[in-house]
Amino acid sequence: MTSPAAEATSVATIRSFVGSRQVRRRAWYDWYAMGFAVVLFAILASDVLAEPFSRLTAAPGASPPAQAVAGAALVVAAAAGLLVLAQTFGPLAIAPADASWLLLSPLNRRAVLRRPLTTTSVLAALAGAVLGMLALAMAGPYLPRAHHELSAWLVLAAIGGAGFFTAAVLTAVLAQPSRRQRGRLRAAAATVSAAAVLLGVAGRRWSGLAHAVTAGFEHISYLTASVLAAVALAAACGAVLMARRMLPLFPAGVLRDDSVRAGRTRLAASFLNVPLLTWVAEDNRWRGQLLASRPWPRLPNALTLAWPRLSPAFTLAWADWRRLGRRPAPLAVLVASTLAPALVAAAITGHARGLTIAATVLAGALAAGTQGAAALRRDANDPTLRRLLGVDAGAALAARAALPALLSAAWLTVALTVLVLAGALSGRLWPALGLVAAPGAAAAALRIARAEPIDPSQRGPDTPISTPPWLATRAISALLGVIGCFPLLKAVRAGRADGGTFVAQLALSVIVLGGYLFFAAR
């Protein structure tokens, strides 16, 4: 038998042999582009997190109790969401090329998977450390600490966050081979996230709840934080040992499927290829399932006589409605995400105004609208079905615009109503304003769904700042959403809305959606 050291050396030798014979190595401009992207992301993230981290040096009780509770709830919800995201694409995965041959070779599987497990653990520790320090910043004004103890509290928060989050991610690695255990872990993380979000939003409405939570923060001493950090470190070490013992018995089929899915997702995310991301999700959902056959719906005779071109177009658009009926999970996620603007408003800024809240509202409206345009992506890539049914392109697009507009309207109405009920916004006009802003968001969602597949070989004009055509197309779609919802976004940023805002939003929504349908049909 070959010793573990020799087997590990053979894996390293094979990896070195393959890497030395790659046709193309990364040039300096590849590293420059990645470094520039990282620096740009750090700058943008620092602008968003500057206000929360400024609470570390604030006086005790400087921030309202509701803001501290919402901030802590936001960190917990973010941790649970990251865990679900990691579990969806692994969390243990290797390169698709290695999964196709190296994983199935007679090499020691522990040696093959040791590097991916180390990478997963390091990334989890880094993310957990950031979340731990952010949680300390959110609850910092109510912790019994002195100013000179700030660095010690930061170290304990980073160790505790890194330890607990690493243990959670490696627990997901242990549950990865079993579909039932993955489902249970996903349900537990979703439950924790929902409870944290509800607590954060309710703390702004009921001050007694916020005061009770901040009173608990005041009883967390330095000794308690030290014990929690030690427990987190022990949990992380135990999870690492259990994961390492499991590596030789890790199923190759599960890891191969997860690695291929993770590779496609990374490729799609690097090019902002939303259609490919949705295709991956749909392929994972419907693979190996049989759908029951049902007759096509029929419109009432009055509508058929009034709009004869609408009947076949509605039949084509019915696929999106049936998809939502067969997949209640996206609807549940959309309903839960309506609490995000209120939570972000209470946690980051303390009030429902500013660019961060406006961007959250716009992103939620566009995400809700794109959930109703899955079949439109298929027809944009292959219009064969529409042509076989003899459906006019303009009528088909108009029929498909109904569901994205309805989803965006429902999301905006509920999200703004939650902001009003939480006390973040005042006035009764906000739900109606969200209702009339939906067509503008639907136009952007339709344009995102109809975007052409990304071709990385396409280059923009030879200018000092060259923009690839696929990136320009996605940027124009987002800009269309900003234009279509501009009165609403301006009102959210200012924190007030009136009748003039309502009229302007209604007129602009009609113009944007109607103009887009007119020009897109041509």
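The values are calculated or read from the model by the stated rules, or taken from the named source; none is laboratory data. Everything numeric here is computed off the predicted structure, so don't read it as measured data. Note that each Cβ is placed from the backbone with ideal geometry, even for glycine, and that neighbours are counted across all protein chains shown. Accessible surface areas use protein heavy atoms only, side chains included; no ligands, DNA or RNA. Shrake-Rupley method; radii C 1.70, N 1.55, O 1.52, S 1.80 Å.
Over the C-alpha atoms of the range 163-210, the Rg to Rh ratio, Rh being the Kirkwood estimate, stands at 1.19.
Each of D47, D320 has its accessible area taken with a 1.4 Å probe; listed largest first, they run D47, D320. Put simply, when 396-408, 80-92 are sorted by average Cβ atoms within 10 angstrom per residue, most first, you get 396-408, 80-92. When its C-alpha radius of gyration is set against 2.2 N^0.38 Å (N residues), the range 172-245 gives a value of 1.53. A simple spin-label model places pseudo-atoms 7 Å from Cα toward Cβ; at A194 and F519 they are separated by 4.2 nm.
Pop the C-beta distance of L126 and E149 into the FRET formula with R0 = 25 Å and round what comes out to the nearest 0.05. FRET efficiency, L126 to E149: 0.55.
Here is the tail figure for the range 75-129: Cα pairs spaced more than 12 Å apart come to 71 percent of all pairs.
Put a dot 7 Å past the Cα of V38, heading toward its Cβ, do the same for K490, and the two dots end up 4.1 nm apart. Exposure check, 1.4 Å probe, all protein chains in place: W31 carries approximately 150 Å² of accessible surface. For the pair Q181 and I511 in one chain, pulling the backbone fully straight at 0.36 nm per residue adds 113.8 nm over the alpha carbon distance.
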